[in-house]
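Here the structure is laid out as structure tokens; the discussion comes afterwards.
The values are calculated or read from the model by the stated rules, or taken from the named source; none is laboratory data. Treat the numbers as computed from the prediction; the structure is a model and nothing was measured. Backbone-built Cβ (ideal geometry, glycine too); neighbour counts: all protein chains shown. Please note that ligands, DNA and RNA were not included when accessible areas were found on the heavy atoms of the full protein model with its side chains. Shrake-Rupley method; radii C 1.70, N 1.55, O 1.52, S 1.80 Å.
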Amino acid sequence: MKKAERTRQSIIEKTAVLFNTKGFEGTTLQDLTACTGLTKGALYGNFKDKEEIATEAFRYAVLKSRQALRDEMDKHTSIKKKVFAFLDFYARFVFASPIAGGCPILNAAIEVDDYRTHMRKAVAKEASEILQSLTNLLEEGVAVGEFKKDLKCKEIATILFCNIEGALMMARLERSDEAMKFVVQHGKNIINQYTHK
């Protein structure tokens, strides 16, 4: 990796936590220079503007979270246990997220809905990819005979994913994992209903 690429990657990694905890509007240029140890000129010599830094930092934060999720799911061989690992991962996410500040998709989705529209496509793409991965996993479970054929994979994946994100929001507001525990158990109950005995 060339020096310019290393510098760019370092900026992305250092600012990912900053943007994920303070948000786009809450993160100032002074925050960025303090966090990276670089001048404004050095930052904007590597990125077009603050929006580009934020977008790349968001992608990095999601990548880091997804890798941690994948590592947990890869510990299991059965599809059902992989789905349960997905749910359990987010239950731990409440107080021990792979990147400080919580779920980057949830955090960014709130900002891009109304005024940070330049990032909406990036956030929507990441959310869609996670949802599609869960749908694919459920479809694989049906294909190998772990789950019943009447399992509506996309529908159930959407319910699970949206419930998880909603529970993360409640957890952040209440500083409690109670909502997440309810959601995770409900998700497991749904999966158990479609699992062959």
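Values for this structure:
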{"item": "Per-region count, segment 141-197, residues open to solvent by less than 20 Å² (accessible area, probe 1.4 Å) and of a type in the set (Gly, Ala, Ser)", "result": "5"}
{"item": "Test: residue in segment 101-115 that is open to solvent by 40 Å² or more (accessible area, probe 1.4 Å), in contact (Cβ under 8 Å) with a residue 40 or more places away in the chain and either over 30 Å from Phe24 (Cβ atoms) or in contact with a Leu (Cβ under 8 Å, 6 or more places away or on another chain) (or both)", "result": "no"}
{"item": "Sole residue being out of contact with any strand residue (DSSP E or B) (no Cβ under 7 Å at 6 or more places or on another chain), closer than 20 Å to Glu111 by Cβ and either without any contact (Cβ under 8 Å) to a residue 12 or more places away in the chain or among the hydroxyl-bearing types (Ser, Thr, Tyr) (or both), chosen from Tyr60, Tyr44", "result": "Tyr60"}
{"item": "Test: residue in segment 180-196 that is of a type outside the set (Val, Ile, Thr), in contact with a Gly (Cβ under 9 Å, 6 or more places away or on another chain) and over 29 Å from Phe58 (Cα atoms)", "result": "yes"}
{"item": "Residues being hydroxyl-bearing (Ser, Thr, Tyr), modelled with pLDDT under 95 and open to solvent by less than 50 Å² (accessible area, probe 1.4 Å) - total across segment 39-82", "result": "2"}
{"item": "Yes/no for Ala96 being closer than 26 Å to Lys188 by Cβ, modelled with pLDDT under 95 and surrounded by fewer than 18 Cβ atoms within 10 Å (Cβ to Cβ)", "result": "yes"}
{"item": "All positions within segment 5-35 that are touching a residue at least 24 places away in the same chain (Cβ under 8 Å) and farther than 22 Å from Met119 by Cα", "result": "Thr7"}
{"item": "Unique residue being of a type in the set (Phe, Trp, Tyr) and more than 15 Å from the chain's Cα centre (by Cα) when the list is Phe161, Phe84, Phe89", "result": "Phe84"}
{"item": "Segment 147-175 residues that are assigned to a loop (DSSP other than H, G, I, E, B), paired with ones that are modelled with pLDDT under 95 (beta carbon under 7 Å, 6 or more apart)", "result": "Lys148/His196"}
{"item": "Single residue of segment 102-128 satisfying the filter (assigned to a loop (DSSP other than H, G, I, E, B) and over 14 Å from Ala61 (Cβ atoms)) that is modelled with the highest pLDDT", "result": "Asp113"}
